[in-house]
Ligand SMILES: [Zn+2]
């Protein structure tokens with residue numbers, strides 16, 4: 001069971017017209033793009049990106065070649081200089097790193113850090129094609145699409161925002177891409193965008209390119225190049241940057257309204273490309289995954305097949321003060337782990353994973369937390385919380401009806417669920433218990449155990465639920 005920033009994607013329609021088409025004169029017009037509503041601060045974007053970038057650098061195989069890095073930074077700097085004034089945000093710092101990985105990909109984190117796969121550079125046929133992908137990514141960052149997307153799913157906000165979002169970023173960036181190989185699942189919010197944001201990034205990217213001295217049509221060509229590479233390595237970038245429809249034509253149409261200012265070409269592309277070709281081959285996602293496993297890193301968020309060996313819950317219980325208003329008793333061989341994502345987790349040795357992921361992944365134990373923002377109806381709020389958890393746990397299913405149960409002396413609900421563990425790949429047994437706090441927020445307890453051990457753990461979970469004392 002993973003608990004981290006919800007990725008609410010349930011059919012919420014985007015406002016019909018995010019793009020206001022500027023009807024200026026026939027020449028030098030360009031599509032006006034208005035950034036979407038965003039309830040996060042600019043500083044939040046910066047913080048989120050900075051927290052994730054260090055982890056991403058640690059976990060991804062960085063190329064670390066000064067010449068190549070300098071080159072990409074040069075191209076990046078001229079694109080950044082072409083970002084329109086109203087989209088320049090205090091504290092944003094655009095950085096460009098090359099990842100020594102074969103799969104065609106690139107991603108950017110909120111606030112500016114960008115990672116380009118070597119495979120992407122090698123696939124590009126010109127500097128302008130490479131710059132096209134970079135400009136597109138820069139546009140996502142400048143338009144603050146990550147947090148704008150999170151804003152839409154924010155109704156049910158659990159715990160501290162930063163920790164949760166970090167989970168989505170690093171969990172995806174470093175976890176999924178490494179271990180799942182072909183699947184670049186960068187937590188929906190931050191690098192996987194909907195069609196409307198793709199359209200915006202294409203058009204804004206084209207505008208940035210032209211101001212930096214690159215023909216924006218090369219971006220359209222690059223997307224064709226990526227598509228043509230197809231096969232195993234092609235669709236990766238495309239799956240996180242879906243075609244908004246008529247992509248090629250829309251970019252070409254925008255390009256027709258733009259004037260390319262100067263010549264941004266550094267003239268270095270071919271020599272950099274030969275340099276890359278002369279190096280030993282880039283790592284494949286699979287190789288990177290193996291290396292990670294060899295390092296003994298916890299394959300969090302990886303759909304891994306890790307064997308977890310954990311002692312059964314002891315019969316004696318220990319009481320903890322989980323928060324200033326909450327006391328809870330758990331099996332004495334479970335420790336208290338601060339989940340840093342708004343919940344407190346109690347788990348046995350070997351049953352809890354964090355580290356590589358700002359979120360919490362645990363295979364055995366109980367997490368208790370408070371979800372804010374509910375409407376005050378226990379049943380409905382519980383449903384919504386469940387939906388929230390489903391976003392980071394796509395296999396999470398209710399296996400029976402919610403039953404009424406007294407929790408902390410007040411009316412509560414307990415729902416039996418099943419899930420597939422990200423850590424072991426095995427089915428797990430889960431109970432979600434909820435009750436309302438005086439301020440309308442929802443107290444929740446999640447019990448998690450491997451399905452074969454459901455009976456043994458259910459009796460422990462029941463004792464935990466009965467032990468809850470609330471003084472809110
Ligand atoms: Zn995109």
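A few notes on this one:
- Residue within the range 251-268 that is within 16 Å of the ligand (Cβ to nearest atom) and farther than 16 Å from residue 81 by Cα present: yes
- Exactly one residue out of 454, 460 is without any contact (Cβ under 8 Å) to a residue 40 or more places away in the chain, part of a helix (DSSP H, G or I), buried (at least 16 other Cβ atoms within 10 Å of the Cβ) and over 30 Å from the mean Cα position of the chain (by Cα), and it is 454.
- Test: residue in the range 151-171 that is within 15 Å of the ligand (Cβ to nearest atom) and either at pLDDT below 90 or crowded, with 24+ Cβ neighbours inside 10 Å (or both): no
- Among the residues listed as 199, 217, 195, the single one being within 25 Å of the chain's Cα centre (by Cα) and at pLDDT 95 or above: 199
- In the range 239-250, residue nearest to the chain's Cα centre (by Cα) [restricted to those that are within 15 Å of the ligand (Cβ to nearest atom) and surrounded by fewer than 20 Cβ atoms within 10 Å (Cβ to Cβ)]: 239
- Enumeration of residues in the range 86-126 that are surrounded by 24 or more Cβ atoms within 10 Å (Cβ to Cβ) and at positive phi: 111, 112
- You will find that of 368, 361, 420, the residue that is in contact (Cβ under 8 Å) with a residue 24 or more places away in the chain, under 15 Å from residue 330 (Cβ atoms), surrounded by 15 or more Cβ atoms within 10 Å (Cβ to Cβ) and out of contact with any helix residue (DSSP H, G or I) (no Cβ under 8 Å at 6 or more places or on another chain) is 368 and no other.
- The strands (runs of 3 or more DSSP E) falling completely within the range 59-140 that include 1 or more residues that are within 15 Å of the ligand (Cβ to nearest atom) map to 106-108, 113-117.
The values are calculated or read from the model by the stated rules, or taken from the named source; none is laboratory data. This structure is a prediction, so every number in the text was calculated from the model and none was measured. Quick reminder, even Gly has a Cβ in these numbers, built from the backbone with ideal geometry, and neighbours come from all protein chains shown.
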